[in-house]
2 protein chains.
Amino acid sequence: MDERIREHAEVLVDWSARIESGDDVVMAVSGGAHELAVATAELLGERGANLVATYSSGEVQRAYLRGHDDEFDADPAHELALFENADAYLALGGGHNTSATADVPGERRRAHARATEEIREVRLATDWVKTVHPTRSLAQQAGMAYEEYQDFVYDAVLRDWESLADEMEQLKRIFDDGSEVRLVTEDADLTMSIEDRTAVNSAASVAYDSHNLPSGEVFTAPYATEGEVLFDVPMTIRGKRVNDVRLTFEDGEVVDFAAGQNESVIADVLETDDGARRLGELGVGMNRGIDRFTDNILFDEKMGDTVHLALGRAYDANLPEGESGNDSAVHVDLITTVGEDSRLEVDGEVVQRNGRFRWEDGFEE
Amino acid sequence: MDERIREHAEVLVDWSARIESGDDVVMAVSGGAHELAVATAELLGERGANLVATYSSGEVQRAYLRGHDDEFDADPAHELALFENADAYLALGGGHNTSATADVPGERRRAHARATEEIREVRLATDWVKTVHPTRSLAQQAGMAYEEYQDFVYDAVLRDWESLADEMEQLKRIFDDGSEVRLVTEDADLTMSIEDRTAVNSAASVAYDSHNLPSGEVFTAPYATEGEVLFDVPMTIRGKRVNDVRLTFEDGEVVDFAAGQNESVIADVLETDDGARRLGELGVGMNRGIDRFTDNILFDEKMGDTVHLALGRAYDANLPEGESGNDSAVHVDLITTVGEDSRLEVDGEVVQRNGRFRWEDGFEE
């Protein structure tokens, strides 16, 4: 076994999920994630945790959903009980075909999601972590050779997370103390309020309210957005390739938009509900182990020298206790690079310029 | 997909497990059983059942057990809750290596089995069915080519179960009404009491108290065994090849034994406890879809023209309500063919002679 698979499992079990002796763990194994499952199971045994492995196969899920009609039982008791009694949920992604469920009707999928909402909430109340094992299918989606893609994934996952967490803490504090963020690039000049919002130092660990491995971003929930922004990173949204999305905001709402390709996808997103026209997230990518875009949001939005904004739902972790933020059925991330001729300001002070943070060598005041 | 995989799933879901709308089903998928899992999931969807798929990989299990020490938590809450709330449990066997857990220390394995005894009991209280998907690994164990083995498995599984159940009912009635069974072959003359015992018509369906697919045997719990028997079918017991096992019974207990190979394995079995020296089962194989021995008890003991006897634990289903039968930590099946020059008598009446039952063409009184 590639030694990096064992290292990946160690980061997952110890740094990310903080598994301890006696923890009841559900490990969901995607069709192509067998080797990571083996390495993770061994560590779970070493830590004295209790393991239930579930089979998270896209093809099994497709067959079940296509066989079923649109009427699903609400929150089946056996699945609900499994997660109600679980301390942690480790989702090991990585299948053999990223389009494995492509021919499941959208309405079927949504009906199932609605019927199992309580299960999802109970699962998200555990110490859950989502990661991926590098498969040939994901390499193909990224347009990369298999071994090249393995290197890419492990560069992103096998970081010195403790020191990255310390670095990200600096940006979190600036956001927490600040009132207004301004993003300026060659094709953007956008201001957002972040007053009274709490930033999350997303350091790939449940100890940081962070549930993705890799992670490496600081995010908050902006509002009262004004100005224009161009997202220069191409993405697949709802199965369609979208690029050069341009949004214009007034009074916190999108009032104009355009896209270089599949503009109708953006129109569909914006028409979902009122909240879909407002931002739910401002995130700053700080994982310099990620050196390219691979059309996989788990990686893309964490890449160093990028900023992403999401239309739609805000995360509770960013809001004052008991307050609710922007509400929407969607949360669609869009990404812009922040390299040459760009800057991020908080209350008029430059925090990042031309891809260098204030505390880094090469930062120009 | 091979159409026989879908037919296998249909027998499993409809005939064997009797799945109905609203049933909460746990489907355990072995490493090589993906295709059967897909076909089964589609049918579970069609029937309106609720599915949790678990990953029953020998390699994951090995890694977990080897990582762990010998101290396991008793019946972890999440796994217990899953099965307490399940109506049915479908175990889809078929891995990539029948020796996948060969280097797990026996004591580790036993410690884990002891710690999870309640989970096992709760699981066996559901409508559980065990079957196998034909894999290359199982073909290899059987000494057969892959396609040849697929034909073998589907011949055994895709029977007219309803009509086989009707036929087996005749033998069940004879056993239920009878007091004494006598088995005579060239190398056996054995009598057993079956007075007050109830035979099970094991027709591969929970509706018949039968939990194996394929099945096709009638079995009961004999006692007061007297005489001698030679088991001419070779088997692997505790990882060792055993053949030509000869047992001599007096007053229901083994008083002498021999074997053509690895006799010490039989000695070990007999020394387990008192119950290991008495019989727990007499079974008559009646599945004529099984035409050869493949060193897999799921198939071997159901083959037509065979009789098997098990040393050790008796099944409750064979006993009067509330009564307990022979008790032991083991249940080890041994098989003899009953072709030429053999007969099975109940209370002096011949039921099967030279491989023909009383109700079959070619039976000689």
Note, the stretch A:216-223: 3J(HN,Hα) by Karplus (6.51, -1.76, 1.60, θ = phi - 60°), whole Hz, Gly/Pro = x, goes x, 8, 10, 10, 9, 10, x, 8
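How many Å² of accessible surface get buried when A and B come together, counting both sides, probe radius 1.4 Å, rounded to the nearest 100?
3200 Å²
Considering the convex hull of the alpha carbon atoms of the stretch B:1-125, report its projected area averaged over all viewing directions, in nm², one decimal.
Computed as one quarter of the Cα hull surface, the answer is 7.9 nm².
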Using θ = phi - 60° and Karplus 6.51 cos²θ - 1.76 cosθ + 1.60, couplings along the stretch B:291-304 (whole Hz; Gly, Pro as x) | 10, 6, 8, 10, 6, 9, 4, 4, 9, 3, 6, 9, 4, x
Both in Å, the radius of gyration and Dmax of the C-alpha trace of the stretch A:161-357 are 15.3, 42
Checking the stretch A:11-108 for GluC sites (Glu not before Pro) in a loop per DSSP with at most 15 other beta-carbon atoms within 10 Å yields A:20, A:71
Using every Cα-Cα pair within the stretch B:301-344, state what percent have a distance larger than 14 Å.
-> 59 percent
Any idea what log10 I(q)/I(0) is at q = 0.15, 0.21, 0.23 Å⁻¹ for the stretch A:159-216, Debye with uniform C-alpha scatterers and no solvent?
-> -0.54, -0.85, -0.91
Order A:15, A:161, most accessible first, counting only protein heavy atoms with a 1.4 angstrom probe.
-> A:15, A:161
Can you give the Rg to Rh ratio for the stretch A:170-262, taking only C-alpha atoms and Rh from Kirkwood?
-> 1.02
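So for the stretch B:240-338, what are the equivalent ellipsoid semi-axes in whole Å, largest first, each being the square root of 5 times an eigenvalue of the Cα gyration tensor?
22, 19, 11
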One-quarter of the Cα convex hull surface for chain A, in nm²?
-> 17.9 nm²
Given the C-alpha centroids of the stretch A:249-326 and the stretch B:332-365, what is the distance between them in whole angstrom?
-> 76 Å
Report, by chain and number, residues whose modeled amide H sits under 5 Å from the one on residue B:319, excluding near sequence neighbours (fewer than 5 apart, same chain).
-> B:198
Beyond 40 Å, what share of the Cα-Cα pairs of the protein assembly as shown is found? Please give it as a whole percent.
-> 43 percent
May I ask you to derive the relative contact order of chain A, considering only C-alpha pairs under 8 Å and at least 6 residues apart, and to give it as an integer percent?
-> 13 percent
For the stretch B:161-357, which whole-number percentage of the solvent-accessible area (1.4 Å probe, protein heavy atoms only) is attributable to carbon and sulfur atoms?
-> 38 percent
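The values are calculated or read from the model by the stated rules, or taken from the named source; none is laboratory data. From a predicted model like this one, the values you see are computed outputs, not experimental measurements. In this analysis, Cβ positions are derived from the backbone assuming ideal geometry, glycine residues included, and neighbour counts consider all displayed protein chains. Quick note on the areas: whole protein, heavy atoms, side chains included, nothing else; ligands and nucleic acids left out. Shrake-Rupley method; radii C 1.70, N 1.55, O 1.52, S 1.80 Å.
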